[in-house]
1. In this structure, does Val46 turn out to be in contact with a helix residue (DSSP H, G or I) (Cβ under 8 Å, 6 or more places away or on another chain) and surrounded by 12 or more Cβ atoms within 10 Å (Cβ to Cβ)?
2. Can you give me the number of residues within the stretch 22-42 that are surrounded by fewer than 13 Cβ atoms within 10 Å (Cβ to Cβ) and either in contact (Cβ under 8 Å) with a residue 12 or more places away in the chain or not aromatic (Phe, Trp, Tyr) (or both)?
3. Have a look at Val32, Val37 and point out the one that is touching a Lys or Arg at 6+ places or on another chain (Cβ under 8 Å) and in a strand (DSSP E or B).
4. Contact list please: Cβ distance under 6 Å, first residue in the stretch 55-80 and under 15 Å from Thr5 (Cβ atoms), second residue part of a helix (DSSP H, G or I) and hydroxyl-bearing (Ser, Thr, Tyr), pairs at least six apart or on different chains.
Amino acid sequence: MINVTDIRINKVEGDEKLRAFVSIVIDDCFLVGDLRVVEGEDGYFVAMPSKRKRDGSYKDTAYPLSQEVREALELQILTAYEAATGHRAISRIDMGEVTTIRPDLLSVEEFGFTPKN
């Protein structure tokens, strides 16, 4: 697995979705910068460093080669983001901390109510 020895969080203010730029140090000898903590519709995630191509699309320039490494890296970065900013970025349900869902937290549709628009 990847051995991240340092995580540096640079908080971003005033952006709609971008919350922070992140640099990581691997094994005290290799720095990867320009990772980003982004707040999306489904919660926070870590975007890998990328550069814009001529056609306007983006291509990641550094990225994990397996889903396991991506998830471990994202967990470490979001944990560091929470510690640096005090904002909760990791869902307790995603982390397995919540094993049962309280009935009072179920959606209103399940109880036959129509939500207000």
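1. yes
2. 7
3. On the way: Val32 fails: touching a Lys or Arg at 6+ places or on another chain (Cβ under 8 Å).
Result of the check over Val32, Val37: Val37.
4. So the pair list comes out empty.
Every read-out reported here was derived from the displayed coordinates using simple, explicitly stated rules and does not represent laboratory data. No experiment lies behind these values; they were computed from the predicted model shown. Quick reminder, even Gly has a Cβ in these numbers, built from the backbone with ideal geometry, and neighbours come from all protein chains shown.
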